[in-house]
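See structure below.
The values are calculated or read from the model by the stated rules, or taken from the named source; none is laboratory data. The structure presented is a predicted model; accordingly, all values stated were derived computationally and were not measured. Don't worry about glycine lacking a Cβ; one is built from the backbone with ideal geometry, like all the others, and counts go over all protein chains shown.
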Amino acid sequence: MRLGMCGFVKARPPFANLTEKAEIVSAGTVSPFSHMKQHSLLLPCLAAISILLAANFAICAEKSAGRPQRIVSLSPAITEQIFILGAQDRLVGCTIYCTKPAEAEKKEKIGTVLEINLEKLVELAPDLVIGSSLTKQGTVGKLKELGFKVVIFNSPKDFKTLFKQFMELGELIGEKEKAVAIASESEKKMNRIKTLVSALADKPKVLFQIGASPMYVAGNDSFVGDFIAYSGGLNVIGDGKSGVYSKEMVVSANPDIIIISTMGLAGEQEKNGWMRFDSINAVKKDKIFVYESSKICSPSPVELSSTIAEFAGLFFPSYKEKIRLCVIDSENEK
């Protein structure tokens, strides 16, 4: 048996011989049970063909509706969001850095975020390739020349853009309603927290450090700056823009809390480096925290509210339980 267009069966029906021959018993007589035996063999075959036809009809219906069936993701954030939307079965390939959730590691790998194995990607025959602002323009051009549909999502500059892009992704892959529902629920939780902490006094001054050597500080003009605002803190650089700052400037600003976003041992080393500046409130009160960059720089819409709740708990320890309930109560309303 082989499959033809749209996977429909193109083969001689396996029960054809049964309609051409009658079962011959000894002495050349036809068995009175021949029709019964033919039907007992015929029914399972008909059932199998019906299942094949139904499955192929569903696949063709989805294709005709424009719902992509073979997706390749060139972005770890996009890969995670595809899983969140429940479309992982249609994800046929992603990068080696696509490790969230754990199931993503089992998907076919087509290279890194920056260097794509075009030959491998072509073999996967995707009907949709989704990249990010890190995807090289040359790669995008080659894929389009080869006839692939390529859609690029740039890095979001704030939470609003993150949710907007998430819903656009949902519409792109045929999961719009699910994306809207997830975004709405997450925003509800975030706004509960923001409403609670905005009314609190003694807001801490927060330094959000991205990496080290040089030290890059996140301002209110950045995606990371939204974490400080929603969690009830004050950015230590005020209206200053994101960029490289000296530690001397930080010392003079005297942050109450320092959050370092980096990877691996570098974060702990940077934390230890701050300990010699014992005049800073964050050092005096042991308020220096290290977070993996993926949690800060590319959070999913689902985990965003829990990360904000975590930061708000650091900023206002005595309100930690009330902050936690902002998330729990939202879930109980369903």
Test of understanding: among Val290, Val327, which residue is crowded, with 16+ Cβ neighbours inside 10 Å, assigned by TED's automatic domain parsing to the domain that holds Ser242, modelled with pLDDT under 95 and in contact with a Gly (Cβ under 6 Å, 6 or more places away or on another chain)? Val290
Checking Gly273, Gly313 in turn, the sole residue that is in the same structural domain as Pro255 (by TED's automatic domain parsing), crowded, with 16+ Cβ neighbours inside 10 Å and not hydrophobic (A, V, I, L, M, F, W, C) turns out to be Gly313
Kindly indicate the residue of region 134-190 that is over 17 Å from the mean Cα position of the chain (by Cα) and surrounded by 20 or more Cβ atoms within 10 Å (Cβ to Cβ) and also farthest from Glu115 (Cα to Cα) among those meeting that condition. Lys189
Only one of (1) modelled with pLDDT of 90 or more; (2) touching a strand residue (DSSP E or B) at 6+ places or on another chain (Cβ under 8 Å); (3) part of a loop (DSSP other than H, G, I, E, B) is not met by Asp278, so which one is it? (2)
Determine, yes or no, whether Ser252 is among the polar types (S, T, N, Q), free of Cβ contacts under 8 Å to residues at least 40 places away in the same chain and either part of a helix (DSSP H, G or I) or touching a Pro at 6+ places or on another chain (Cβ under 7 Å) (or both). yes
Being buried (at least 19 other Cβ atoms within 10 Å of the Cβ) and part of a helix (DSSP H, G or I) is the filter here; which residues of region 199-241 pass it? Gly225, Asp226, Phe227, Ile228, Tyr230, Ser231
